[in-house]
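So the structure is just underneath, and the comments pick up after that.
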Amino acid sequence: MQVFHVEIYRRARIPKSTKIKIFHIKYRLCIGMSRVACCAIVIYHIPMPGITETDCQNTGDLIIRCPSGETLTIVSGFFGRARPGSEVCPTSAGNDKDTSCAEPDAENKIRSLCDGQSRCFIPTTVAFFGHDPCPLTYKYVEVTYTCGGKAGGMGGGV
């Protein structure tokens, strides 16, 4: 596991003092120029500066807001499941175990809805994100944002 940490720090140019958490590692066969090697796809989390809010799937809108006169800047956005139900959005149905599930365009959708607004209502539904990355898994929305600048309005939901 240490080798993966070193590679992530090096490739992403992350200061070594930053704590990262590896959620999932998938191995696959990669064919290079003249040799075959085993490659790893690593899903990891780097703590971001700002305020982080989380809401469970289909529980209404996740509302984020800034103080009067300031606007939202989305630092990161996520829809899926990267942590087990014991940490976030538990369910008695047991469909909170798959932690390798993420909608790849979630951050862009959240950013286009909320950036520059004074507050924003983010739907917690598959319909808003347009794709269900893991149909049998109970998901959540997680957004990290900062506040600053001048207020421009209010982002809506769908």
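The values are calculated or read from the model by the stated rules, or taken from the named source; none is laboratory data. As the structure is a prediction and not an experimental result, all values here were calculated from the model. Please note: Cβ atoms are built from the backbone with ideal geometry, for glycine as well, and neighbour counts cover all protein chains shown.
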For region 74-88, which positions are assigned to a strand (DSSP E or B) and surrounded by fewer than 17 Cβ atoms within 10 Å (Cβ to Cβ)?
Val75
Checking Glu107, Glu53 in turn, the sole residue that is within 16 Å of Ile122 (Cα to Cα), assigned to a strand (DSSP E or B) and touching a residue at least 12 places away in the same chain (Cβ under 8 Å) turns out to be Glu53
Considering each residue of region 72-106, count those that are in contact with a Ser or Thr (Cβ under 6 Å, 6 or more places away or on another chain) and under 17 Å from Tyr145 (Cα atoms), and give that number.
3
Pairs, please: C-beta under 9 Å, at least 6 apart or cross-chain, first residue free of Cβ contacts under 8 Å to residues at least 12 places away in the same chain and in region 69-89, second surrounded by 17 or more Cβ atoms within 10 Å (Cβ to Cβ)?
Ser86/Asp96
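Kindly provide the set of residues from region 120-138 that are at pLDDT below 95 and either touching a Phe, Trp or Tyr at 6+ places or on another chain (Cβ under 7 Å) or surrounded by fewer than 18 Cβ atoms within 10 Å (Cβ to Cβ) (or both), ordered by number.
Gly130, His131, Asp132, Cys134, Pro135, Leu136
When you go through Thr71, Thr91 one by one, which is the residue that is over 15 Å from the mean Cα position of the chain (by Cα), over 14 Å from Val143 (Cβ atoms), assigned by TED's automatic domain parsing to the domain that holds Gly116 and surrounded by fewer than 18 Cβ atoms within 10 Å (Cβ to Cβ)?
Thr91
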